[in-house]
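Worksheet: the structure to be examined is printed underneath.
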Amino acid sequence: MTSPIAFIARDRETTSAWCDALSSSMPGETIVPFADLTACEKAEVQIAIVANPDPAELAELHGLAWIQSLWAGVERLLTEMGPAAPPIVRLVDPELARTMAEAVLAWTYYLQREMPAYRQQQEQGVWKQRAYKHPRDITIGLLGLGTLGAAAAERLTGAGFCVKGWSRSPKTLQEPETYFGEAALDAVLSSSDIVVCLVPLTFETRGLINARRLAAMKRGANLINFSRGAVVVAEDLITALDSEHLSHAVLDVFDVEPLPGTSPLWSHPKVTVLPHISAPTDPDTAAAIVAANIRAYRRDGIVPATISATRGY
C-alpha cells in the first residue's frame, strides 16, 4: 500500500474541492487534508500537494521527498520554507498558459481600443469617437518569455501586434523578436506602447519596474502587470501616472492580496484593479498533470523536474 499524500492549503474552503478533483484523477492514491492526517500518517507522507500552504504544517512532514505546487508561481513557498525546503515541483499546465495568453490579449485590446478613455467619457457624458489604432502600429513590450510569456507572445503576434520579447537570459522563439539582459531592457521599454509584465518574481526581478525604468518608458505608454505585485514599485507607478508620463495601468497582482481598502490604487482614475484573475488554475487539468507526476514517481522513484531555489523558478 502506498503512503498517503498530504494536501495542504491555507484556504480551507478550497480543500474539499481540490481533494475531490485530485482523488478522481488518482483513484489508487489516498489524498488526505493535513488536518485529517494522523501522527502515523504524517510520518509516512512522501508527497505533499500544496496551494499556498502553511509552512509550519509542511515542517511537520519529516519524510517529504518532494512538494507539488498547484500554482505556477512558487516564490512565496520558497521564501517561507527557506533553503531547507524539500524539492518543489511547480505546476506547468498548458491550460494555464492558454488562459494567461487569453487574458494578455484581452487586456491589450482593452488598451488598444482605449477603453479607459471611453469609460472616462461616459462618466463625463461626452460623446466622442477616438481615432482607431491598428494593432500593427502598436508595439508590445513583453517582459518574461517562459511558458506563459511564450504563449502570450504567440497570441499577440497572431492578432497583428508588433511584439518585442524580453527576458533576463537568452530565449529563442519563432516569433517575436527577442532581447535579453539589462542593456536591452531600456530599449524595449522606450519603444513599447504597452508593456506587459510576465516575469517570475525572483531576487533580480523584485522592483524591476521602478522609477528609473518607468521613466524609460515611452511617454503615454500603458502597463499591464500579470506577474507578481512586487515586480512593480507601486509608489513609483502612481507618480508616473500622476505626472501623465504613463496613460494607464492594468494591475492583477499586488504586494498584499487582497488589495487593502486603503490602497490609493482602488480609486486612481488611471488604474484598472483586477482581483488576481488573469490565469486561474483549472482543477481538472491541474489534477491530471499532478496525477501524471505522481504516477511517474511511484513507478520510477524519480522526482519530477523541480524549481531552482537560486533562480526562484
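The values are calculated or read from the model by the stated rules, or taken from the named source; none is laboratory data. Source: prediction; values computed, not measured. As a convention, Cβ positions derive from the backbone with ideal geometry for all residues, glycine included, and neighbour counts pool all protein chains shown. The accessibility values were calculated without ligands, DNA or RNA, using every heavy atom of the protein model including side chains. Shrake-Rupley method; radii C 1.70, N 1.55, O 1.52, S 1.80 Å.
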Inset, instruction - Enumerate the pairs (first residue in the range 9-28 and under 23 Å from ARG76 (Cα atoms); second residue anywhere and polar (S, T, N, Q) and open to solvent by less than 40 Å² (accessible area, probe 1.4 Å)) with beta-carbon separation below 9 Å, excluding pairs fewer than 6 apart on the same chain, so at least 6 apart or on different chains. - result: ALA9/THR15
Legend entry - All positions within the range 214-247 that are open to solvent by less than 40 Å² (accessible area, probe 1.4 Å) and over 21 Å from the mean Cα position of the chain (by Cα): ALA216, MET217, GLY220, ALA221, ILE238, ALA240, LEU241, HIS245, LEU246
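Conditions (1) in contact with an Asp or Glu (Cβ under 7 Å, 6 or more places away or on another chain); (2) modelled with pLDDT of 95 or more; (3) of a type outside the set (S, T, N, Q), marked per residue:
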residue	(1), (2), (3)
THR239	no, yes, no
SER247	no, yes, no
VAL250	no, yes, yes
ASP255	no, yes, yes
TRP266	no, yes, yes
LYS270	no, yes, yes
LEU274	yes, yes, yes
PRO280	no, no, yes
ARG295	no, yes, yes
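State yes or no: is GLY301 under 28 Å from GLN120 (Cα atoms), open to solvent by 20 Å² or more (accessible area, probe 1.4 Å) and more than 20 Å from the chain's Cα centre (by Cα)?
Values: under 28 Å from GLN120 (Cα atoms): no; open to solvent by 20 Å² or more (accessible area, probe 1.4 Å): yes; more than 20 Å from the chain's Cα centre (by Cα): yes.
Judged against the criteria, GLY301 is not a match.
Among the residues of the range 281-288, are any surrounded by 14 or more Cβ atoms within 10 Å (Cβ to Cβ) and without any contact (Cβ under 8 Å) to a residue 40 or more places away in the chain? Outline the logic, then answer.
Filtering the range 281-288 down to residues surrounded by 14 or more Cβ atoms within 10 Å (Cβ to Cβ) leaves 281-283, 285-288.
In the following step, the residues that additionally are without any contact (Cβ under 8 Å) to a residue 40 or more places away in the chain were identified as none.
No, the range 281-288 contains no residue that is surrounded by 14 or more Cβ atoms within 10 Å (Cβ to Cβ) and without any contact (Cβ under 8 Å) to a residue 40 or more places away in the chain.
How about the range 210-242: which of its residues are in a strand (DSSP E or B), more than 21 Å from ALA72 (Cα to Cα) and among the β-branched types (Val, Ile, Thr)?
First pass over the range 210-242, keeping only residues in a strand (DSSP E or B): 221-225, 232.
Retained after the next criterion (residues that are more than 21 Å from ALA72 (Cα to Cα)): 221-223.
Once the filter is applied, which keeps residues that are in a strand (DSSP E or B), more than 21 Å from ALA72 (Cα to Cα) and among the β-branched types (Val, Ile, Thr), the range 210-242 yields nothing.
Can you report the number of residues in the range 268-296 which are more than 14 Å from ALA234 (Cα to Cα) and either touching a His at 6+ places or on another chain (Cβ under 7 Å) or in a loop (DSSP other than H, G, I, E, B) (or both)? Quick ask: steps written out before the conclusion?
Filtering the range 268-296 down to residues more than 14 Å from ALA234 (Cα to Cα) leaves 269, 274-296.
From the residues that got through so far, the ones that are either touching a His at 6+ places or on another chain (Cβ under 7 Å) or in a loop (DSSP other than H, G, I, E, B) (or both) too are 269, 274-282.
Matching residues across the range 268-296 total 10.
Can you spot a residue in the range 125-134 that is open to solvent by 50 Å² or more (accessible area, probe 1.4 Å), closer than 23 Å to GLY207 by Cα and in contact (Cβ under 8 Å) with a residue 24 or more places away in the chain?
Filtering the range 125-134 down to residues open to solvent by 50 Å² or more (accessible area, probe 1.4 Å) leaves 125-134.
If we keep only those that are closer than 23 Å to GLY207 by Cα as well, we get none.
Checked against the condition, which is being open to solvent by 50 Å² or more (accessible area, probe 1.4 Å), closer than 23 Å to GLY207 by Cα and in contact (Cβ under 8 Å) with a residue 24 or more places away in the chain, the range 125-134 yields no hits at all.
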Legend entry - First in the range 225-253 and free of Cβ contacts under 8 Å to residues at least 12 places away in the same chain, second anywhere and part of a helix (DSSP H, G or I) and open to solvent by 10 Å² or more (accessible area, probe 1.4 Å), Cβ under 9 Å, 6 or more apart: GLU235/ALA211
Inset, instruction - Give just the number: which of (1) in contact (Cβ under 8 Å) with a residue 40 or more places away in the chain; (2) surrounded by fewer than 16 Cβ atoms within 10 Å (Cβ to Cβ) does ILE140 not satisfy? - result: (2)
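Can you find, within the range 91-101, the residue that is surrounded by the fewest Cβ atoms within 10 Å (Cβ to Cβ) among those that are touching a Ser or Thr at 6+ places or on another chain (Cβ under 9 Å) and in a helix (DSSP H, G or I)?
We begin by selecting, within the range 91-101, every residue touching a Ser or Thr at 6+ places or on another chain (Cβ under 9 Å); these are 91-97, 99-100.
Next cut, in a helix (DSSP H, G or I) only: 94-97, 99-100.
Values: PRO94: 11, GLU95: 16, LEU96: 22, ALA97: 21, THR99: 20, MET100: 22.
Result: PRO94.
Being hydrophobic (A, V, I, L, M, F, W, C) and in contact (Cβ under 8 Å) with a residue 12 or more places away in the chain is the filter; apply it to the range 259-280 and report the residue that is most open to solvent (accessible area, probe 1.4 Å).
Within the range 259-280, the subset hydrophobic (A, V, I, L, M, F, W, C) is 259, 265-266, 271, 273-274, 277, 279.
Imposing the further condition that a residue be in contact (Cβ under 8 Å) with a residue 12 or more places away in the chain reduces the set to 259, 265, 271, 273-274, 277, 279.
Values: LEU259: 27, LEU265: 11, VAL271: 16, VAL273: 35, LEU274: 18, ILE277: 84, ALA279: 26 Å².
Taking the candidates together, the pick is ILE277.
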Inset, instruction - Name every residue in the range 151-180 that is open to solvent by less than 30 Å² (accessible area, probe 1.4 Å), out of contact with any Lys or Arg (no Cβ under 8 Å at 6 or more places or on another chain) and within 24 Å of GLU204 (Cα to Cα), in order of residue number. - result: ALA152, ALA153, VAL163, TRP166, SER167
